[in-house]
Amino acid sequence: MTDFVVLAVCTGNICRSPVAAALLDQALGHVRCSSAGTRAVAGAPVPPPMLEQASLLGLDLAEHRAADLTAETVRASSLVLGLAREHRGAAARAVPRAARWAFTLVEFARLSRAVDQDDLARAVESLPGAVDRMTAATALVASRRGSGALVVAGDDDVVDPFGHGTSTYARATRQITAATESVADYFSRALAV
């Protein structure tokens, strides 16, 4: 693999996953970020309330069009970040071995915050390139599954704002922003070692 590819996945690929992919793309300019939906209406645009939330973050999603999640896009990814557990599951059903690199966005953020800097340094310091370091850092996060405090079903999900009011779009955007900041910080630490 010549690039580290992050795939954000939600249901329709018009609200949560495009924002997550755009924020990660902005924060991690050295990776390829894309998004897809488990039940996307191919070609559908981002709804106005999410365009407004994205604009507040300095993102322009006016040209984004929904795309379906495929086994090919999952296989081509280095890291799958579902916006809810059902999306992580869909990626693993499409490509069973992807369970090793499929997480929810909030789950990856939570687990990455639990990785000690010394453990991260040991995992990546001898690796020459960014792709190798980010791949090793992803595996290190995967090794933390099942550790730490018990998580209640739904805690690792970002609320689906589609069809709801402005406050739900804002809440989803806050959840995505906080989680993507943690993910970006983790990979920045991995690359700085």
Where a residue in the stretch 167-193 is touching a residue at least 12 places away in the same chain (Cβ under 8 Å) and its partner, wherever it lies, is in a helix (DSSP H, G or I) and among the polar types (S, T, N, Q), with Cβ under 7 Å and at least six apart: 169/53; 170/53; 173/53; 182/112; 183/112; 186/112; 189/117
Pick from the stretch 87-109, criterion touching a residue at least 60 places away in the same chain (Cβ under 8 Å) and not β-branched (Val, Ile, Thr), ranking: surrounded by the most Cβ atoms within 10 Å (Cβ to Cβ): 105
Some residue of the stretch 58-76 being open to solvent by less than 30 Å² (accessible area, probe 1.4 Å), touching a helix residue (DSSP H, G or I) at 6+ places or on another chain (Cβ under 7 Å), at pLDDT 95 or above and not hydrophobic (A, V, I, L, M, F, W, C): no
Cβ-Cβ under 9 Å pairs, at least 6 apart or on other chains, the stretch 111-124 side in contact (Cβ under 8 Å) with a residue 60 or more places away in the chain and among the polar types (S, T, N, Q), far side outside any helix (DSSP H, G or I) and open to solvent by less than 50 Å² (accessible area, probe 1.4 Å): 112/144
Every residue from the stretch 75-125 that is of a type in the set (A, V, I, L, M, F, W, C) and closer than 18 Å to residue 14 by Cα: 80, 81, 83, 84, 90, 91, 105
Residues of the stretch 1-15 that turn out to be touching a strand residue (DSSP E or B) at 6+ places or on another chain (Cβ under 9 Å), open to solvent by less than 10 Å² (accessible area, probe 1.4 Å) and under 22 Å from residue 157 (Cβ atoms), as a count: 6
Selection count where residues are surrounded by fewer than 22 Cβ atoms within 10 Å (Cβ to Cβ), among the aliphatic types (A, V, I, L, M) and more than 29 Å from residue 191 (Cα to Cα), scope the stretch 31-57: 5
Test for residue 158: is it modelled with pLDDT of 95 or more, more than 30 Å from residue 50 (Cα to Cα) and touching a Lys or Arg at 6+ places or on another chain (Cβ under 6 Å): no
Among residues of the stretch 87-113, those that are in a loop (DSSP other than H, G, I, E, B) and farther than 19 Å from residue 146 by Cα, counted: 1
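The values are calculated or read from the model by the stated rules, or taken from the named source; none is laboratory data. Keep in mind that what you see is a predicted model, and the values were worked out from it rather than measured. Glycine also receives a Cβ, built like all others from the backbone with ideal geometry; neighbour counts cover every protein chain displayed. Ligands, DNA and RNA are stripped out before the accessible areas are found, and what is left, the full protein with its side chains, is counted by its heavy atoms. Shrake-Rupley method; radii C 1.70, N 1.55, O 1.52, S 1.80 Å.
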